[in-house]
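Structure in structure tokens, see below.
Throughout, read-outs are computed from the coordinates displayed, never taken from laboratory work. All values derive from a computational prediction rather than experimental measurement. All Cβ positions, glycine included, derive from the backbone under ideal geometry; neighbour counts span all protein chains shown.
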Amino acid sequence: MNRPVTGGDSPHALRLARGDLDSTVAGFARLRKRIFATTNGGALALDLSAIAEPSMQELAVVARAIDEAEARGITVKLAGWPPELMHSMRNATAALLSEEAATAPHETVLERVGETALRTAADWEGWGKYLYGAFNAIAVDPLVGRPWKWDAITEQMYRIGVRGTAIVVFISLLVGIVLALNGAEQLRQFGAQIFIANLVGVSVAREMGPLITAVIIAGRSGSAIAAELGTMVVSEEIDAMRTMALEPNRYLLAPRVIALIFVTPCLTIVSDLLAIAGGYMVGVSMGLGASNYLRQTAQALMIGDVVTGLVKSVIFAALIGLISCYEGLRVSGGAEGVGAATTNAVVASIISCIAADAVFTMIFYLTN
């Protein structure tokens, strides 16, 4: 643990007495609630001057409290102890609490519910502040004389779009072939193989094209965004930007989200065309005829099908961008935290895209 005793910009102060360093589960839960209630982020100064000769268990309680606070993004600074005590505190571990904690009384159901409610409220508050800042950077700043950073946007469009085209082409072509083969197996029983064109065209334009593209972008670009921003947080580049009065939302978040919103519909169109081409290859190989297959596809596809898919792709792009940037900007804990944020970004992005797809499909179905 490398925790300075002094420094920081006017941290919140919390004075602790000996009774506050209770190593039982319930006692530590009360201390943790006091710490989190004192500050929602930034710096916290723990005044330990009232505890002149702490025991090893009390040192361990302080160490564990600092670890949990720093995991929530709170920088903890200590005051009131001489250097030798600080050295002892650094050598203390939370393992000293294990024996007593094993026999300590468990938290009550009400305490668990309250702690969960407070944690959930803090998470939602964090999401609300993040979305407010993102909305200002993306939508409000251009209206008040702070235009988008087009150089950064075009760079991200190249990274996400141009470099990601090959994998979208490959995966979409295979998906079109698989859809056509599975459809042919069933439609052959009714002598209706020509309707493979309907199956592939409509399902790809409405559902598979946007969703496949979103999953590929989440796995490829969403993970890269979270890892890149997380590394910048760990290396304190974000703090340096704020010190130089450069807003991370404007220079980092907005270009990535805007680039995703521009690029994802384009990649979705590419995905649609390649998946239809895959179905076309299967149909022609089955003797349906090239002109017949293309004519059937044109008759089955409506403008509304294509527009529905493009609308979904824009929503998917915004979800992937916001989630990936959020996970990257809240990294803590070094390289391990960067890896966890990358995983969380991909998983949360894919789940949110599938959930949004289900909701919008239901809405479009009920409104047609």
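Grab the beta carbon distance between Val109 and Asn136, set R0 = 56 Å, and tell me the FRET efficiency rounded to 0.05.
Between Val109 and Asn136 the formula returns 0.85.
Residue separation times 0.36 nm, minus the C-alpha to C-alpha distance between Thr38 and Asn182: what's the value?
The span from Thr38 to Asn182 would gain 45.9 nm if fully extended.
Loop-only GluC sites (Glu not before Pro) in the range 209-247, please: DSSP not H, G, I, E or B, and at most 12 other Cβ atoms within 10 Å.
When the GluC sites (Glu not before Pro) of the range 209-247 are filtered for loop state and at most 12 Cβ neighbours within 10 Å, Glu236 remain.
Using label points projected 7 Å from each Cα along Cα→Cβ, tell me how many nm separate Met286 and Gln189, to one decimal.
Each label point lies 7 Å from its Cα, and together they span 1.4 nm.
If R0 is 41 Å, what FRET efficiency do you get for Arg242 and Thr367 from their C-beta distance, rounded to 0.05?
Here the calculated transfer efficiency is 0.35.
If you build the Cα gyration tensor of the chain and take the root of 5 times each eigenvalue, what three semi-axes come out, in whole angstrom, biggest first?
In descending order, the three semi-axes are 54, 23, 17 Å.
Next question. Toward the positive end of the charge dipole of the chain, about the Cα centre and with charges on Cβ (Lys, Arg +1; Asp, Glu -1), which of Ala345, Phe190, Cys266 goes farthest?
The residue sitting most towards the positive pole is Phe190.
Further question on the same structure: Grab the Cα-Cα distance for Ala340 and Thr116, subtract it from 0.36 nm times how many residues apart they are, and report the gain in nm with one decimal.
Answer, rounded to one decimal: 78.5 nm.
Next question. Taking amide hydrogens as modeled 1.01 Å from N in the peptide plane, which residues meet the under 5 Å criterion relative to Lys77, leaving out close sequence neighbours?
Leu44, Ala45, Leu46
Anything in the chain that counts as a DSSP H helix reaching 24 Å or more along its axis (C-alpha) with Kyte-Doolittle mean of at least 0.5? List them, would you?
165-187, 254-285, 303-329, 335-367
If each DSSP helix of 4+ residues adds -39,500 (n - 2.57) and the sum is divided by the residues in the chain, what number results at 222 nm, nearest 500 deg cm²/dmol?
Value at 222 nm, helices only, nearest 500: -22000 deg cm²/dmol.
Follow-up. Which order do Trp148, Trp124, Trp81 fall in if you start with the one that has the fewest other Cβ atoms within 10 Å?
Trp124, Trp148, Trp81
So how strong a dipole does the chain carry about its Cα centre when Lys and Arg Cβ are +1 and Asp and Glu Cβ are -1, to the nearest 20 debye?
Using only the charged Cβ atoms, the result is roughly 880 debye.
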